[in-house]
Amino acid sequence: MSSTDDRRFEVLRAIVADYVSTQEPVGSKALVERHNLGVSSATVRNDMAFLESEGYIAQPHTSSGRVPTDKGYRQFVDRIADVKPLSTAERRAILDFLESGVDLDDVLRRGVRLLAQLTRQVAVVQYPTLSASSVRHLEVVALTPARLLLVLITDSGRVDQRIVELGDVLDDQDLARLRGLLGGALDGKRLAAASIAVSELADEAPEDLRDAVIRSATVLVETLVEHPEERLVLGGTANLTRNAADFSGISGFPGSLRAVLEALEEQVVVLKLLAATQDAGTVTVRIGEETQVEQMRGTSVISTGYGAAGTVLGGMGVLGPTRMDYPGTIASVAAVARYIGQVLAER
């Protein structure tokens with residue numbers, strides 16, 4: 001890349017930095033005063049004129065400075081050389097906070113709350129997708145001789161408890177037989193395969209246990225079926241109001257805060273944005289129209305996958321205005337996802 005291109009990128013980077021910091025259009029005089037660009041004001045003005053002609057920056061008002069466009073942010077993100085590293089103390093604090101979670105729900109809620117605080121954006125995490133999870137253990141507990149508690153534990157740390165009302169009473173010996181049948185059908189299987197296996201149990205069950213097996217299998221199949229509407233945890237939605245002006249269209253960004261909030265309520269929209277996040281450790285940045293969601297054209301979504309033992313369990317990330325601290329946000333998303341995966345792997 002030529003020195004001219006490098007210099008123009010430094011001008012673009014300075015415009016992004018100042019606009020993210022001040023939320024005010026940036027002029028050439030301010031750039032020269034705030035940044036050691038090593039060139040004259042005339043050169044900076046020429047570079048800004050070139051960047052504007054190429055669509056990297058825009059002039060929101062007559063006789064005002066310039067602001068980055070989606071294309072400008074994309075160029076900036078694609079050429080980020082140094083993502084802000086978190087300090088040892090910050091990493092330790094994140095891990096300690098997540099390790100204090102008592103179960104999967106608590107760990108994910110803590111992760112979302114922490115990510116929203118670190119980035120000052122909306123944070124979202126997807127519950128482990130059942131297709132990626134396996135049954136670690138099924139416990140069958142007799143609450144009464146005619147009522148059972150089934151406790152299903154997956155390798156992602158998810159714990160589901162269900163009550164089964166039996167038609168007849170079971171003694172301890174029958175309970176042990178039922179526990180063996182159900183556990184044998186489920187243990188170690190991916191949840192989709194486990195659902196099929198347990199549904200076929202009735203045909204193979206001994207006659208005297210068939211009714212109990214059918215009732216238990218019916219409850220388990222319902223538990224193993226995916227419920228997309230229950231798969232998201234959001235935090236920090238109030239952070240959007242802090243940046244309400246970014247969604248007003250004043251600075252050339254289409255959309256409105258209300259439209260973004262409505263899109264967030266449609267969890268399927270957010271799930272779609274996270275669905276493309278397949279790799280743990282790889283952070284994806286979608287800027288403006290790249291989200292392919294009309295209501296979110298004024299937003300950016302930074303996401304990654306989290307997982308344990310080499311398996312991606314779900315996606316997580318943040319959503320906010322295109323005017324955001326990309327290096328810091330990318331680092332925070334990557335760190336929290338990594339530590340969530342680490343905490344779940346140790347459970």
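The values are calculated or read from the model by the stated rules, or taken from the named source; none is laboratory data. In this text the structure is predicted, and so the values were computed from the model without any measurement. A quick note on method: Cβ atoms are made from the backbone with ideal geometry, for glycine too, and the neighbour counts reach across all protein chains shown. Only protein heavy atoms, including side chains, enter the accessible area calculation; ligands, DNA and RNA are left aside. Shrake-Rupley method; radii C 1.70, N 1.55, O 1.52, S 1.80 Å.
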Query raised in the report: Distance from the Cα centre of the stretch 265-338 to that of the stretch 162-229, in angstrom?
Result: 37
Query - Principal-axis tilt of helix 41-53 within the chain, Cα atoms, nearest 10 degrees - result: 50
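Per residue, what accessible area does the chain have, given a 1.4 Å probe and all protein chains present, in Å²? List each step's numbers first, then the result.
Values: 16100 Å² over 347 residues.
Per residue, the chain has an accessible area of 46 Å².
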Query raised in the report: Using a Gaussian network model of the chain with C-alpha springs under 10 Å, which one of 236, 27, 38 is most mobile by mean-square fluctuation?
Result: 38
**Report entry** Spin-label pair residue 234/residue 292, simplified geometry with 7 Å Cα→Cβ offset, distance in nm
**Finding:** 2.1
Query raised in the report: Lys/Arg Cβ at +1, Asp/Glu Cβ at -1, dipole of the chain taken about the Cα centre: which of 192, 241, 32 is farthest positive-ward?
Result: 32
Report task. Using just the helices of the chain, give the 222 nm mean residue ellipticity in deg cm²/dmol: DSSP H runs with n ≥ 4 each add -39,500 (n - 2.57), and the total is spread over all residues, rounded to 500. Result -> -14500 deg cm²/dmol
Query - Which of 97, 80, 68, positive extreme of dipole for the stretch 55-130 (C-beta unit charges) - result: 68
Query raised in the report: What list of whole percents do you get for P(r) of the stretch 132-223, with Cα-Cα distances grouped in 10 Å bins up to the one holding the largest distance?
Result: 18, 56, 24, 2
Query raised in the report: What spacing in nm lies between the two simple spin-label points modelled at residue 149 and residue 42, each 7 Å away from Cα in the Cβ direction?
Result: 8.2
Requested in this report: Please find, in a Gaussian network model of the chain (springs between Cα atoms separated by less than 10 Å), the residue of 222, 207, 290 whose mean-square fluctuation is greatest.
Outcome: 207
Report summary line: Here, GluC sites (Glu not before Pro) of the stretch 37-110 satisfying both criteria (DSSP loop; at most 16 other Cβ within 10 Å) are 54
Report task. Tabulate in residue order the Karplus-calculated ³J(HN,Hα) for the stretch 162-172, using 6.51 cos²θ - 1.76 cosθ + 1.60 with θ = phi - 60°, rounded to whole Hz; enter x for Gly and Pro. Result -> 9, 9, 10, 8, 8, x, 10, 7, 10, 8, 4
Requested in this report: For the stretch 1-64 and the stretch 100-159, write down the distance between their C-alpha centroids in whole Å.
Outcome: 48
Report summary line: Plugging the Cβ-Cβ distance of residue 265 and residue 105 into 1/(1 + (r/R0)^6) at R0 = 30 Å yields, to the nearest 0.05, a FRET efficiency of 0.90
Query raised in the report: Which ³J(HN,Hα) values in Hz, rounded to whole numbers, follow from the phi angles of the stretch 320-329 under the Karplus curve 6.51 cos²θ - 1.76 cosθ + 1.60, where θ = phi - 60° and Gly and Pro get x?
Result: x, x, 4, 7, 9, 7, 5, x, x, 5
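Pop out the Kirkwood hydrodynamic radius of the chain from its pairwise C-alpha distances, inverse of mean 1/r, in Å to one decimal. Present the calculation step by step, with values, prior to reporting the outcome.
Working: mean 1/r = 0.0437 Å⁻¹.
Result for the chain stands at 22.9 Å.
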